[in-house]
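Notes for the one structure printed next.
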Amino acid sequence: MKHKKILGMFGIIVVLSLLLALVPASPAAATGETATLYPTSGKVGSSVTVIGTSFLANTTVGIYFSNQVTGVGGTIGTSITAYQFVSATTLGASVTTFTTPFLVPSNLTVGGNLPVTGGTYYIYFVYLSTGAAYPAVVLAQPFTVVGNPGIIISPNTGAGGASVTITGTDFTANTILQILYDSITPLTPTGGQTSTLSTGGFTSVVTIPAGTTAGAHTINVTAGTSTGSATFTATASAALDPLTVTSATPGTAIEITGSNYPANAPLAFKLGSYTMQIQTGSSTNGGGYFSSKVVIPPSATAGAYTVTVSAGSASASASFTVISPATLNELSPSSGRAGTDVTVSGTGFAANTPLVFTFDGAPITPKSGTTTTTDGHINSIITIPASATAGEHTVIVNTFSKTFTVTAPATSLNVSANGDNVGASVVIAGTGFQNSAAVTVTYDGVKVSSGNTGTNGLFVTSPFLVPVSTHGAHTIIVTDGINTENVTFTVESIPPGVPQPLVPLMGATIKSPYIFQWNAVTDPSAPVTYELQIATSQDFATGSIILDKTGIKESQYKLTDTEALQLSGNVPTYYWRERATDAASNASAWTGAAQFLVAKPFKFTGWPLYVSIVVGAIVFFLLGLWAGRRSAFSY
C-alpha cells in the first residue's frame with residue numbers, strides 16, 4: 001500500500017513535468033537580477049539604454065535581441081534560434097550593476113537574417129563568462145519596435161491629372177488612410193484600399209491635382225501614428241487658367257494666369273499675330289506658375305482671336321474677343337425730377353467687368369439690370385437721388401459719363417385773401433419749391449412779401465395788403481431763384497356810391513371864397529377820392545368845363561384864387577357836379593348838374609361916380625386950407 005502511494009505521487013510529478021514542458025516559457029528574471037530599459041519602445045536604429053542591477057560580480061553580461069519568447073533558463077541557440085547580439089558588459093569584483101546602451105537592430109542576423117519590423121521583441125540577458133556553448137537566459141525584458149512605415153509611388157513623375165499607385169508597408173494595421181498632396185490637398189483613393197490591412201500594408205490609387213505646378217511635390221500618407229512620404233515630380237503641362245476677361249477693347253490691360261510651365265522661364269504673349277505688351281509678370285516663378293498683366297494691342301481690330309502664352313517649348317492658348325471701343329448711350333430719360341428711374345445702356349465694355357455707378361461722384365447702386373458685364377453690353381436702371389437739386393448732374397459708369405438734368409418739382413400756389421379789394425390782406429402758400437430757400441413775392445413787379453421754404457419745399461409768406469391798383473387782373477409772382485410760379489389776383493370793380501351835393505344849394509348865389517361841399521362816401525377799396533367839375537353848360541360839354549379837379553381827399557373843396565378868377569358874375573348861371581373814385585379806380589356816377597350864381601362885383605359908374613368925384617374934391621380942398629392955416633400961425 002505504501003508503495004502504491006509512492007508510485008502515484010511519482011506519476012503526478014511526471015505528468016506535471018510534461019505539462020510544464022508543453023507550456024511556452026514566459027520571460028522572467030533569475031533570482032535577484034533586474035534591468036530597466038530607457039525607453040521601452042523605439043524605431044529601428046534608435047538608441048536604448050539598459051540599467052542592470054544585482055548581477056553577479058566578475059562576470060560578463062551579454063544582451064540579445066529576438067522576436068522569440070523563452071523563459072529564464074532557456075538558452076540562446078536552442079530555445080532562441082533567431083536573434084541579434086547587441087551588447088556585452090564585463091563586471092569587476094564587487095560590481096553588480098551596469099549601464100550600457102545599444103541600438104535597435106534592423107535585422108536578426110542569426111536564424112535567417114529576418115528584418116526587424118514593428119511589434120513586440122525581447123531583450124535577453126545571459127552570463128557569457130561561463131563559457132557555455134549555449135548561454136542560459138537569466139533575465140528577459142519586452143521591447144516594442146515602432147514600425148518604420150514607407151510608401152512607393154508608381155509612376156513617380158508625370159503631369160497634373162496623372163493616376164498614381166501608392167504601395168505602403170509597416171503602417172498601423174486596420175487604420176483609415178489619410179493622403180495629402182504637398183501637406184495641403186487631400187487625395188481620395190479612386191481604387192485599392194482606403195484603410196491599412198491587418199499586415200499594416202496597403203495599395204491605393206490616387207489622381208495628381210490637375211493644376212499642380214511643375215517640379216517636386218510630396219505625397220504624405222498617415223495611418224494612425226504611422227506616417228510615410230515620397231516625392232512625385234510634376235512635369236510642365238502648360239495650362240492657362242480660365243480668363244477672367246474674355247473680351248475687351250483695344251488698349252485694355254487684362255490679367256492672365258497659368259501653371260505647369262517651365263520654372264523661372266521668360267514668357268511670350270500673342271493675340272493672333274499681334275505681340276502683346278507685358279505690363280507685369282514677364283516670367284514664371286520657381287514652381288512654373290505665372291500671373292501677368294498684358295495689353296490688348298491698340299491696333300487690333302474687332303473680332304475673335306486666340307491668346308497664346310509660351311515659355312520655351314511649352315505653350316497654352318485660350319479664346320479672346322476684341323470688341324469695339326466702349327460707348328455709353330444717352331440716358332433714358334435724360335431729364336426729370338429727383339427720384340426718376342433712368343435706364344443706363346452701353347456697348348463695347350470689357351466683358352466680366354464689375355460696373356461702378358456714381359451720381360455727382362457719389363456711388364449709387366442700380367435698381368436692377370447689369371452690375372457686371374458679360375458680353376460687353378450694359379443695361380441697368382438707376383434711381384436719381386431724391387436729394388438731387390434742380391440742374392445738370394453727372395452720371396458716370398466706370399470712366400464713361402453722361403449728363404442728367406434734374407427738373408424742378410411741380411410747383412403750386414394757393415392764395416388766401418379776406419377780400420378782393422385794395423387793402424385786402426393776402427397770404428400765399430406754395431409747394432414744390434427748393435428746400436430751405438428764400439422766396440420773394442411781387443405784385444405787378446413790386447415786391448410785397450417774402451418767406452422761406454422748409455426742408456420739404458413748402459412755404460407760407462407773411463401777409464401783405466393789396467396795393468392801390470386798378471380794378472381787374474393783376475399778376476402775383478413767387479420765385480425762389482430757380483422755380484417761378486405766378487397767379488392772377490382780380491381786384492373788385494364795384495364803384496363807390498354817388499356823393500350827394502350839399503353846398504352851394506341849387507340856384508344859390510355865391511361869393512368868394514367859393515366853397516363846394518358834398519356827402520362823403522366809403523368803399524372797401526380805400527381811400528376814396530373825389531372829382532369836382534364846374535361848367536358853364538348843364539351838359540358839361542368839353543368846351544364849357546372851366547374846372548376839373550381830381551384827387552380831392554376831403555368831401556369839400558375851396559377854389560384857389562387862380563381858380564376863383566375863372567368865375568364871373570357876368571355869366572348868368574354856373575353848374576357843378578362831383579363823383580367818387582376808390583383806390584381800385586372804380587368811379588361812381590356823376591351827380592346831377594347843380595345850378596349856382598356868382599354875385600356881381602360893385603362898379604362906380606353913372607351918378608355914383610360923379611357924386612364921389614365932387615365929394616372927394618371938396619374934402620381935398622378943405623384939407624389943403626386947414627394945412628395952410630396951421631403953417632401961417634406957426635411962424
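All of the numbers you see were taken from the coordinates with simple rules; none came from a lab. Here the structure is a predicted model, which is why all the values come from computation and not from measurement. Cβ coordinates were reconstructed from backbone atoms using ideal geometry, including for glycine residues, and neighbour counts include every protein chain displayed.
A few points about this structure:
- Semi-axes of the equivalent ellipsoid for region 327-406, Cα gyration tensor, largest first, Å: 21, 11, 11
- Of all DSSP beta bridges confined to region 239-322, the antiparallel ones make up roughly 95%.
- In terms of other Cβ atoms within 10 Å, VAL356, VAL138 run from fewest to most in the order VAL356, VAL138.
- Region 239-322: relative contact order as a whole-number percent, Cα under 8 Å and 6+ apart: 36
- Each DSSP beta bridge with both residues in the chain is either parallel or antiparallel, and the antiparallel ones are about 95%.
- On a per residue basis, the convex hull of the C-alpha atoms belonging to region 150-234 measures out at 69 Å³.
- Convex hull volume of region 265-364 per residue (C-alpha atoms, cubic angstrom): 147
- Rounded to the nearest 0.05, the FRET efficiency derived from the C-beta distance between ALA132 and THR99 at R0 = 22 Å is 0.30.
- Environment charge at THR383 (Cβ cut-off 10 Å; Lys +1, Arg +1, Asp -1, Glu -1): 0
- For region 86-165, alpha-carbon Rg and Dmax in angstrom: 21.1, 71
- The residue among ILE378, LEU328, VAL72 whose Cα reaches farthest toward the positive pole of the charge dipole of the chain, with charges on the beta-carbon of Lys, Arg, Asp and Glu, is VAL72.
- Alpha-carbon centroid distance for the pair region 43-81 / region 508-555, whole angstrom: 159
- Dipole orientation for the chain: of the candidates THR353, THR109, GLY312, THR109 has the Cα lying most toward the positive pole (charges on Cβ; Lys, Arg +1; Asp, Glu -1).
- Cα-based Rg / Dmax (Å) for the chain: 66.6, 239
- Separation in nanometres of the label points that stand 7 Å from Cα toward Cβ, at ALA318 and ASN174: 5.1
- Filter on LYS270/LYS402; LYS270/LYS293; LYS447/LYS549; LYS293/LYS367 - keep pairs with C-alpha separation over 24 Å: LYS270/LYS402; LYS447/LYS549; LYS293/LYS367
- Check: region 509-596 dipole with +1 on Lys, Arg Cβ and -1 on Asp, Glu Cβ, in debye: 180
- Simple rule: put +1 on each Lys or Arg Cβ and -1 on each Asp or Glu Cβ in the chain, find the dipole, and look at TYR83, ALA133, PHE459; the Cα lying farthest toward the positive end is ALA133.
- Taken about its Cα centre, the chain carries a charge dipole of roughly 1200 debye when the Cβ of each Lys and Arg holds +1 and the Cβ of each Asp and Glu holds -1.
- For region 25-145, the alpha-carbon radius of gyration amounts to 0.97 times the rule-of-thumb value 2.2 N^0.38 Å expected for a compact globular protein.
- By the beta-carbon count within 10 Å of each Cβ, the least crowded to most crowded order of MET276, MET506, fewest first, is MET506, MET276.
- Percentage of interatomic Cα-Cα distances in region 239-322 larger than 17 Å: 38
- For the chain, the longest piece that avoids every one of the GluC sites (Glu not before Pro) found in DSSP loops with at most 16 other C-beta atoms within 10 Å covers 1-329.
- When TRP590, TRP518, TRP576 are sorted by how many other C-beta atoms sit within 10 angstrom of their C-beta, beginning with the fewest, the order is TRP590, TRP576, TRP518.
- Region 412-491: relative contact order as a whole-number percent, Cα under 8 Å and 6+ apart: 31
- Under 14 Å from LYS43, Cα to Cα: aspartates and glutamates that are on another chain or at least 8 residues apart: ASP170
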